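The values are calculated or read from the model by the stated rules, or taken from the named source; none is laboratory data. Just so it is clear, the structure is predicted and the values come from calculations on it, not from any experiment. So basically every Cβ, Gly included, is an ideal-geometry build from the backbone, and we count neighbours across all protein chains shown. Quick note on the areas: whole protein, heavy atoms, side chains included, nothing else; ligands and nucleic acids left out. Shrake-Rupley method; radii C 1.70, N 1.55, O 1.52, S 1.80 Å.
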Amino acid sequence: MTEKQHKVSIDRSDWLKYLMAFGVVVLIAVLCRPRADDSFDIGDLWDNEDVVLKDDLVIQAQIPQNRLLINSTEPKTAFIEAINTIIKGFPDGVDTTGKFTVFANEVERFYAKGIYANNLVDQTGEGALYLLHADGVEQKELTSAFNTITTVRQELNNWVTNNLPDRKSQIDGLIKDHLVPNIEITDYVPETLKNQLTEAQTLPKESMIIANGDLITAEKYDLLKKSVLNREGFSFDDFSFISFLGYLLLILLIIGALLVYLQFNHSTVFEKMNNLAFIMMFPALISVLVYVLEGSNMSSFLIPFCVVPIIIKNFFDERLALFVHIVVVLIASFMSKLDYEFTFIEILAGIVTVLVVSETRYWNNFFRAILIIFATYILGFLGLSLIHAESFASIDWKPFLYFAVSAVLTLLAYPFIPLIEKIFGFTSSIRLAELADMNNPLIKELSINAQGTLQHSLQVSNLAEAATEKIGGNSLLVKAAALYHDIGKLADPEAYIENQKGHNPHDSMSNFESAKKIIDHVTKGLEMAKKARLPKVIIDFISTHHGTTRVEYFYRNQLKAEPDKEFDESLFRYPGPKPKTKEQTILMIADSLEAASKSLNNPTGQDIDKLVDNIVRYKIDQGQLDDSELNFNELEMCTEVFKSLLRSINHVRVEYPEEVKSPSQS
């Protein structure tokens, strides 16, 4: 590919990345539904767009006062007392016939069922009626549940005509004066029953809730507060291009800030299309989830937002994980019906997640971290609720159930990690731990056919892991990579001194052939790694662990053997590239140090220190650290770790001059 073609390819890739990011911005802006301004009150004019129902909506409405009935005991008591007064006028105050007693029982029967005035229907209007009693509220059908006063009067008159004809005029007066309804509209509702006095009402589709410029009445205010702002089945009339532009601008600013952060702080993420697609996936996916849940009248607290930093931290660092989490929460805040409590709680939970979730490969630690995240949700929301609550009874406890569901769903991060590995070509800590297993085929083959190389790799692994952990790098990555960095030596184990058993094949080779044989362990290693489908991040360690250094031992031998003959110096140089990441740089240095330390016989602490300083200085002088992300302060920290650990290494190898490497070092 020519330079011009390469430039065109890069430009096209950049345009695709920006186009993808803008597509995510547009998608989220479209999903953002307009929200009404909640700074309104009864008596204000509605200055937002018209609000209409997009579907039939069932709401719980307060039962009007005129449809609340009560069964009064006073009318029955007064009637019975009037009957007893008549009985007291009998001789000895005794109803010898018993008919007045039977009449009193008839009156009690009618009052027990209930008697209502003929015009009660006109007072209650249409709709179900509700009878209040000591146990609560009971829905009643007026005509079937109770008797009209006219019906009761007629039946009592008939009874008197048939049973007490001689007393008819007296009892007719009694009925006329004392028979009054006991089922009546109540003007008092106990406080303990007020929360039960609601009923389901269906508002049909396309109903106008309120129009722009309408006066906000008490009924409309309640509906707006409880339903429209919560978007329970409501939509604003017509699409507002102005509102869409507003959301587009805000989302563009947020996603733009994320892209700038990636470009300056995580260039490897920004430059690779699959890495950027991975990051952009989270704002888009979470936005869709919020849209679906909010549209289904469910709470966004159910969404396990903490999955985002958990997954990202598995493949990148905690700073990027937290930054993306904040971006996702800010975007979700535009779309959610929840207020600032949502934003505060989710950002707080994300911070705690980044702090406590270190390794998802250990179930015990991961489960403990989930419990801490759940506790953060509970305590955070409880604190916010107590600020506004008058008592514990007034706290809305439903969100606590949402947090429990969210915490359980956060466990899904564990099975998602291997899936994302496959889709985006990443390598997680779980995969690295599997690679570090000594039962892996390549490592097992080293233990059988190249024991010396395996022992060298294990020592390099220990050195590199300790140094990487010291500077806060990915110690598991460098530990696994060190085990595979020399697998190319399996192609011809005896060509490397650590595997030789007396016979040295280089004795019969020219310096050029020996150098090629040594360099081949890198190229052969790459072939083996690709065949074994090792992750690219591991393969990169194989290609960079010697950088572009020379095979010094055979290079210097060639200079001595034919000092006047010119030759191509590149034949003695590794193809590279030079290490870029901190972990790759540490592995390169650890590899050289472990090999060189074997040339020291009974070394003192000063010998070790001198060796480490010389090797590190040599790498710097040769420009092998020019592309590295490792800074000098971190390099110094690694150097101290190497000096400390190398003092415990006591293997013996053939001694060779300073800066001159034997085949074993290669």
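Take K516 and tell me if it is touching a helix residue (DSSP H, G or I) at 6+ places or on another chain (Cβ under 9 Å), assigned to a helix (DSSP H, G or I) and open to solvent by 60 Å² or more (accessible area, probe 1.4 Å).
Yes.
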- Message: If I filter the stretch 417-431 for residues that are more than 22 Å from L476 (Cβ to Cβ) and touching a residue at least 24 places away in the same chain (Cβ under 8 Å), do I get at least one hit?
- Response: no
- Filter result for N462 (open to solvent by 50 Å² or more (accessible area, probe 1.4 Å), in a helix (DSSP H, G or I) and either of a type outside the set (S, T, Y) or under 30 Å from Y362 (Cβ atoms) (or both)): yes
- Counted residues, the stretch 432-453 - those being open to solvent by 10 Å² or more (accessible area, probe 1.4 Å), in a helix (DSSP H, G or I) and in contact (Cβ under 8 Å) with a residue 24 or more places away in the chain: 7
- Note on the structure: Cβ pairs under 9 Å, 6+ apart or interchain, first in the stretch 84-97 and over 19 Å from I175 (Cα atoms), second modelled with pLDDT under 70, ordered by first then second residue, are F90/T96
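Looking at T585, T581, which one is more than 24 Å from K516 (Cα to Cα) and hydroxyl-bearing (S, T, Y)?
On the way: T585 fails: more than 24 Å from K516 (Cα to Cα).
When all the criteria are applied, what remains is T581.
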- Query: Within the group F403, F426, F416, which residue is more than 24 Å from L645 (Cα to Cα), of a type outside the set (D, E) and outside any helix (DSSP H, G or I)?
  - Reply: F426
- Considering only the stretch 365-398, state which residues are among the hydrophobic types (A, V, I, L, M, F, W, C), outside any helix (DSSP H, G or I) and more than 17 Å from S299 (Cα to Cα). A389
- With criteria (1) without any contact (Cβ under 8 Å) to a residue 40 or more places away in the chain; (2) open to solvent by less than 50 Å² (accessible area, probe 1.4 Å), I370 comes up short on (1)
- Item | Subset tally (residues that are closer than 20 Å to T427 by Cα, modelled with pLDDT of 95 or more and open to solvent by 30 Å² or more (accessible area, probe 1.4 Å)) for the stretch 305-351 | 1
- Query: All but one of (1) over 26 Å from S385 (Cα atoms); (2) hydroxyl-bearing (S, T, Y); (3) surrounded by 19 or more Cβ atoms within 10 Å (Cβ to Cβ) hold for S358; which doesn't?
  - Reply: (3)
- Task: Considering only the stretch 262-281, state which residues are among the hydrophobic types (A, V, I, L, M, F, W, C) and exposed (fewer than 15 other Cβ atoms within 10 Å of the Cβ).
- Result: F264, M273
- Message: Regarding the stretch 544-557, can at least one residue be identified that is free of Cβ contacts under 8 Å to residues at least 40 places away in the same chain and assigned to a helix (DSSP H, G or I)?
- Response: no
- Note on the structure: For the stretch 559-580, pairs from a residue that is farther than 29 Å from L526 by Cβ to a residue that is open to solvent by 60 Å² or more (accessible area, probe 1.4 Å), with Cβ under 8 Å and 6 or more apart or across chains, are none
- Item | Residue, modelled with the highest pLDDT, within the stretch 1-24, restricted to residues that are among the β-branched types (V, I, T) and assigned to a helix (DSSP H, G or I) | V24
- Query: Tell me, which residue of the stretch 527-547 that is open to solvent by 40 Å² or more (accessible area, probe 1.4 Å) and among the hydrophobic types (A, V, I, L, M, F, W, C) is nearest to T453 (Cα to Cα)?
  - Reply: M528
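Residue-by-condition table, conditions (1) surrounded by 22 or more Cβ atoms within 10 Å (Cβ to Cβ); (2) among the acidic types (D, E); (3) in contact with a His (Cβ under 7 Å, 6 or more places away or on another chain); (4) not in a helix (DSSP H, G or I):
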position	(1), (2), (3), (4)
G576	no, no, no, yes
I586	yes, no, no, no
I589	yes, no, no, no
P603	no, no, no, yes
K610	no, no, no, no
E634	no, yes, no, no
